[in-house]
Amino acid sequence: MTACGLDFGTSNTTLGVRGGDGFRLLALDGMRNTLPTAVFFDFESDRTTIGQAAIDAYVSGVEGRLMRSIKSMLGTDLIDADTALRKGRISFRAVIGTFLNLVKARAEQALGGELGDVVVGRPVHFVDGDPAGDAAAEQALGEIARAAGFRNVSFQFEPIAAALDYEQQVAGEELALIADIGGGTSDFSVVRIGPARRAKPDRAEDILANDGIRVGGTDFDRDLSLATVMPELGFGSAMKRAGLLAPKSIYLDLATWSKINFLYTAKAMAELERLQRDSAEPEKIERLIGVVEHRQGHALAMAVERGKIALSDHEAAELALDWGDGALSLPVDRPTLNRATGTLAARIGTRIRDCLAEAGVTADRIDAVFLTGGSTLLPQVRAAILAEAPGARVVEGNIFGSVGLGLTVEAQRRYG
Ligand SMILES: Nc1ncnc2c1ncn2[C@@H]1O[C@H](COP(=O)(O)OP(=O)(O)OP(=O)(O)O)[C@@H](O)[C@H]1O
Ligand SMILES: [Mg+2]
């Protein structure tokens, strides 16, 4: 049995093993070693698919239920809540179990052998300021991984894993600030790394600080959606009764990847119909009802995410929105994105400052800032990170692979 590292990410999942004279990520999705963390329960064929095929099935209009951001349920009461399938209901714990089972099977197929012990990545904080929630999240994920057939399951902080990957390439001693900004969380560590330290069995004294915050790319998607798309569906619109606005909670759910399915119930639809009767702008609410009826929630979220990603390279982009019974091309530009998400970027910067303070070092002591995670590609996020260590060298990690590779290094150390 082969030991492995598993990066179960909010948006993307990777799994690595030792290979040749190094470490490698296994192909999990066709030839790709990055697998979108997505599950689709296909109501037509009664099959369950994961990864890009899950997203494609949903987009092509197959009747069924798409689930994304399932990691966000860990550490919240929702982990044991359930959601409706065609027949019966399924808990989010079981959805994560289904996903990890299929990931393990695919990895074993790519490897041509059985996987045994695993080091699983975890954010420094699954939930902010809630040690009990954090412990519960780790425990739940450990139970799910064992139920999926992994033998010994242990954890490592995601930014420490990224540091171990970075350490494979450094030539000398340095003090590094690791920044891993993913889909669900932003994680940081301040670590001493170097070739001579790699073989040390206990690295505790090299880790000066670890900290994190539950802010990631999906929050940027949500806030961009609330600023651009949701107003088209009645967010902020007036009710007939003077002074009242359409309730924000509906729009928050629709704009939050992990909560979109909460609107797909008879109870939620009844609330939307009531809202339409009481609205002073019922045509917007009618559009909202169409989105929910046609199960277009994820399609809108995908359009927003695509727009956000386009704005990393371009000053302006178009959101191609499909309501189900109508469509709209909505222009967005980088200033709009930056205004909508400025608070999130600022919180990331503040948490880095806290992390440096915990480490007991001033910014000028940091030799290198190592960047990994898809959301470090957001110009505003990158600027917020680099502003906290302006003199440091900037090292681009493997954006989607460093954490998985570092977990694999750690798995070798612990179980190899
Ligand atoms: N070019 C880009 N510009 C901005 N954001 C991007 C870009 N490419 C990907 N992203 C965002 O990066 C996020 C996914 O990053 P990543 O795969 O590192 O997260 P993850 O590891 O799954 O999540 P986490 O570590 O928080 O659990 C998504 O929110 C995605 O929209
Ligand atoms: Mg990650």
Problem - Hits in segment 185-226 - residues which are closer than 17 Å to D367 by Cβ and among the hydrophobic types (A, V, I, L, M, F, W, C) - result: F188, V190, V191, I193, A196, I207, L208, A209
Problem - Count of segment 211-228 residues which are over 21 Å from the mean Cα position of the chain (by Cα) and either surrounded by 23 or more Cβ atoms within 10 Å (Cβ to Cβ) or away from ligand 1 (no atom under 16 Å from the Cβ) (or both) - result: 0
Exercise for the section: Residue by residue through segment 145-171, note down the ones that are assigned to a helix (DSSP H, G or I), open to solvent by 10 Å² or more (accessible area, probe 1.4 Å) and more than 16 Å from ligand 2 (Cβ to nearest atom). Expected result: R146, A147
Completion exercise
Pairs returned, first residue in segment 124-135 that is without any contact (Cβ under 8 Å) to a residue 60 or more places away in the chain and open to solvent by 60 Å² or more (accessible area, probe 1.4 Å), second residue that is among the β-branched types (V, I, T) and outside any loop (DSSP other than H, G, I, E, B), beta-carbon separation under 9 angstrom, 6 or more apart or interchain, are none
Exercise for the section: Find the strands (runs of 3 or more DSSP E) located wholly in segment 40-93 whose residues include 1 or more that are surrounded by fewer than 17 Cβ atoms within 10 Å (Cβ to Cβ), and list them. Expected result: 82-84, 89-91
Completion exercise
Given (1) in a helix (DSSP H, G or I); (2) touching a residue at least 60 places away in the same chain (Cβ under 8 Å), A27 misses just (1)
Handout entry: When residues of segment 1-27 are limited to those that are touching a Phe, Trp or Tyr at 6+ places or on another chain (Cβ under 6 Å) and under 22 Å from V124 (Cβ atoms), the one nearest to ligand 1 (Cβ to nearest atom)
Key = N12
Fill in the blank from the handout: With criteria (1) open to solvent by 20 Å² or more (accessible area, probe 1.4 Å); (2) at pLDDT 95 or above; (3) farther than 25 Å from A255 by Cβ; (4) not hydrophobic (A, V, I, L, M, F, W, C), G116 comes up short on (1)
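Is it fair to say R382 is basic (K, R), modelled with pLDDT of 95 or more and surrounded by fewer than 17 Cβ atoms within 10 Å (Cβ to Cβ)? Even if it seems obvious, please write down each step before you answer.
Working: basic (K, R): yes; modelled with pLDDT of 95 or more: yes; surrounded by fewer than 17 Cβ atoms within 10 Å (Cβ to Cβ): no.
So R382 does not fit the description; no.
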Practice task
Would you tally the residues in segment 328-373 being touching a helix residue (DSSP H, G or I) at 6+ places or on another chain (Cβ under 6 Å) and within 16 Å of ligand 2 (Cβ to nearest atom)?
Solution key: 3
Problem - Failed item, numbered, when R192 is tested on (1) more than 15 Å from ligand 1 (Cβ to nearest atom); (2) among the charged types (D, E, K, R); (3) under 29 Å from A105 (Cβ atoms) - result: (3)
Handout entry: A179 among the aliphatic types (A, V, I, L, M), within 16 Å of ligand 1 (Cβ to nearest atom) and within 30 Å of P131 (Cβ to Cβ)
Key = yes
Problem - In segment 1-29, residue farthest from ligand 2 (Cβ to nearest atom) [restricted to those that are small (G, A, S) and modelled with pLDDT of 95 or more] - result: A3
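The values are calculated or read from the model by the stated rules, or taken from the named source; none is laboratory data. None of these values were measured; they are calculated from a predicted model. Don't worry about glycine lacking a Cβ; one is built from the backbone with ideal geometry, like all the others, and counts go over all protein chains shown. In case anyone asks, the SASA skips ligands and DNA or RNA and just uses the protein heavy atoms, side chains included. Shrake-Rupley method; radii C 1.70, N 1.55, O 1.52, S 1.80 Å.
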